[in-house]
Amino acid sequence: MKIKPLVITLFLFSFLHINIDARILNDREWLTKTYLASLEGKILFVGVNYYNADYHTYVKTPETYETLDFIPERSKFGSPYKHHVGDFLTFDPGYKYDHICLFGVLGHFGEIAEGQSYNMDTENAMTQALEHATSLLKIGGTLQVGPNRISIPKFNTAYWQTRLKKYPLNKYSIISNEFGACNMLWWGKKIRD
Ligand SMILES: C[S@@+](CC[C@H](N)C(=O)[O-])C[C@H]1O[C@@H](n2cnc3c(N)ncnc32)[C@H](O)[C@@H]1O
């Protein structure tokens, strides 16, 4: 007699679960096939690893695709056209970009782990990074913010849902605001300085 309500509950739960999952995108598929594939002009992709080595092939203008990482050994994974070694927080190439990508560089601990380190791991440093990205972008240019929403419990999905609406991202009109399995997939167009 008690089996039926249990079966109904399980059925409803599994249905709900499928619907929640359906909203979660494959981070890298979205990044390469939707986001990068639509970019043209001066592009800055911040932070590289082995899986980024062919990312210049996805954008419409590979020759104007630039990368940046503060670990010199990672240069081999950067753009074959222009790679910079340096800290994004103080990076100043002397010109502005049409697109800047901050995917996978926010929402991690600062310690060196698996050969990589992060310095944009406090609220202040993350705000500084978003301000700096905004100052390096042309008006009409776009910013992708893809923080990890799993690594640091206090910087979880709920935190980012609120944070992504605040300064300086309130200077952007939203192009896309989705969830990846590990990262937020926020993308906006700068409408004012
Ligand atoms: C997870 S890896 C690759 C990130 C890459 N954007 C992606 O697709 O996931 C993070 C890289 O970002 C670099 N990085 C983190 N903070 C940085 C900063 N402030 N300036 C330059 N590189 C940074 C690290 O050195 C590391 O190589």
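Each value in this text was obtained by applying a stated rule to the coordinates, not by laboratory testing. Keep in mind it's a predicted model, so treat the numbers as computed, not measured. Cβ: placed from backbone, ideal geometry, glycine included. Neighbour counts: every protein chain shown.
Miscellaneous remarks
- Top-ranked residue of segment 38-52 - restricted to ones that are over 24 Å from ARG149 (Cα atoms) and not acidic (Asp, Glu), ranked as farthest from the ligand (Cβ to nearest atom): GLY41
- The selection criterion, being within 13 Å of the ligand (Cβ to nearest atom) and polar (S, T, N, Q), holds for THR122.
- Set side by side, the residues ILE139, ILE150, ILE175 differ, and just one is surrounded by fewer than 20 Cβ atoms within 10 Å (Cβ to Cβ), within 14 Å of the chain's Cα centre (by Cα) and more than 16 Å from the ligand (Cβ to nearest atom), which is ILE175.
- Residue in segment 55-63 that is in a helix (DSSP H, G or I) and free of Cβ contacts under 8 Å to residues at least 12 places away in the same chain present: yes
- Complete set of residues in segment 48-103 that are polar (S, T, N, Q) and under 19 Å from LYS138 (Cα atoms): THR61, THR64, THR67, THR90
- Filtering VAL105, VAL145 for residues that are touching a residue at least 40 places away in the same chain (Cβ under 8 Å), hydrophobic (A, V, I, L, M, F, W, C), out of contact with any His (no Cβ under 8 Å at 6 or more places or on another chain) and assigned to a loop (DSSP other than H, G, I, E, B) leaves a single hit, VAL105.
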